[in-house]
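K.L.:
Here it is, the structure, as structure tokens.
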Amino acid sequence: MNTKIQIFPLFSILVFFLCGPLIIIFIVSFWDYTEFSLIPDFVFTNYIEIFESKVTYSIYLNTLKFAFLTWLFSLFIGFFIAFFLAFHVQTLRWQIILFLICTIPFWTSNIIRMIAWIPVLGRHGLINSALINLGIIQQPVEWLLYSDFAVVLAFVHLYALFMVVPIFNSMMRIDKSVLEAARNAGASSLQTLGHIIIPLCRPGIAIGTIFIISLVMGDFVTVQAMSGGQSASVGVAMNHKRALLQYPAAAADAVILLLVVLTMVAVLMRAVNIRKEL
């Protein structure tokens, strides 16, 4: 009985701040609307319009493309940063110092870190100016900014640390005697990496993947700013509908997006035993 009483405040907060808004969004997704008002109702119009539109599928494919590319580059960068910190930095003091250096960008706003790329990638930015001065190119490279490349680059910059942390945590749990035994048995560095380190880091990779997918799939500010409005995503589509006061249609998009993300997370949790990491 005492345990139930202790859990009740946390349970109440979870229901009020998480389940409550989700239930409201789900209910509103079945409402009807006009240009000027919302009409409480129970219709499937919003969902039918979403699934009948070819634009919906292209937007979801584009969003999945952003999520996949961000995950791929974040995994590559995050794995080797974590590998360096865990196995090449010998003292705990330097591990902490270098890890804190990795977190320095997170001391500022996401928007500031994202906008900081504009003078670097722009037509007259640092990269184009340097390439022209070196004689490598004659005209500025147009696709560096306001393109899918800029969107993915900003995503990787914003969220790569969410891949570093869980992978680093997994690597720090690896028993060093296992690695010593592999070396004594004649395993090369690549064999040790492929047969021991990577399999033992799977829970950390899965947790980082969940973070990346959840953050990228719902983002709209980064896509809108870094693509110059030339690329679309589910988050951007929902924001446009919200701006046009089409709240039920935006709520239907949110419900479908939530189901897609939860499905991807469920598949990951079935494939990898994440509880070992928690």
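K.L.:
Being under 23 Å from L64 (Cβ atoms) and touching a Phe, Trp or Tyr at 6+ places or on another chain (Cβ under 6 Å): is that true of V152 here?
P.N.:
no
K.L.:
Residues in the stretch 133-157 that are of a type in the set (A, V, I, L, M, F, W, C) and at pLDDT below 90: how many?
P.N.:
So the answer is 7.
K.L.:
Continuing with the same structure: State yes or no: is F87 among the aromatic types (F, W, Y), over 30 Å from F220 (Cα atoms) and surrounded by 12 or more Cβ atoms within 10 Å (Cβ to Cβ)?
P.N.:
It is true that F87 is among the aromatic types (F, W, Y), over 30 Å from F220 (Cα atoms) and surrounded by 12 or more Cβ atoms within 10 Å (Cβ to Cβ).
K.L.:
Of all residues in the stretch 173-188, count the ones that are in a helix (DSSP H, G or I) and β-branched (V, I, T).
P.N.:
Number satisfying all stated conditions: 1.
K.L.:
Go through the stretch 107-121 and count every residue that is among the polar types (S, T, N, Q) and either farther than 23 Å from F220 by Cβ or crowded, with 17+ Cβ neighbours inside 10 Å (or both).
P.N.:
1
K.L.:
Might you check whether a residue that is buried (at least 17 other Cβ atoms within 10 Å of the Cβ), closer than 20 Å to I213 by Cα and touching a Pro at 6+ places or on another chain (Cβ under 9 Å) occurs anywhere in the stretch 70-82?
P.N.:
Looking for residues that are buried (at least 17 other Cβ atoms within 10 Å of the Cβ), closer than 20 Å to I213 by Cα and touching a Pro at 6+ places or on another chain (Cβ under 9 Å), one finds at least one in the stretch 70-82, hence yes.
K.L.:
Criterion first (at positive phi and surrounded by fewer than 17 Cβ atoms within 10 Å (Cβ to Cβ)) does G194 satisfy it?
P.N.:
In short, no.
K.L.:
Moving on to the next point. Looking at the stretch 122-155, which of its residues are surrounded by 13 or more Cβ atoms within 10 Å (Cβ to Cβ), among the polar types (S, T, N, Q) and either free of Cβ contacts under 8 Å to residues at least 40 places away in the same chain or part of a helix (DSSP H, G or I) (or both)?
P.N.:
N128, S129 - these are the residues of the stretch 122-155 that are surrounded by 13 or more Cβ atoms within 10 Å (Cβ to Cβ), among the polar types (S, T, N, Q) and either free of Cβ contacts under 8 Å to residues at least 40 places away in the same chain or part of a helix (DSSP H, G or I) (or both).
The values are calculated or read from the model by the stated rules, or taken from the named source; none is laboratory data. Not measured: the values here are computed from a predicted model. Every residue, glycine as well, gets a Cβ built from its backbone with ideal geometry; the counts of neighbours run over all protein chains shown.
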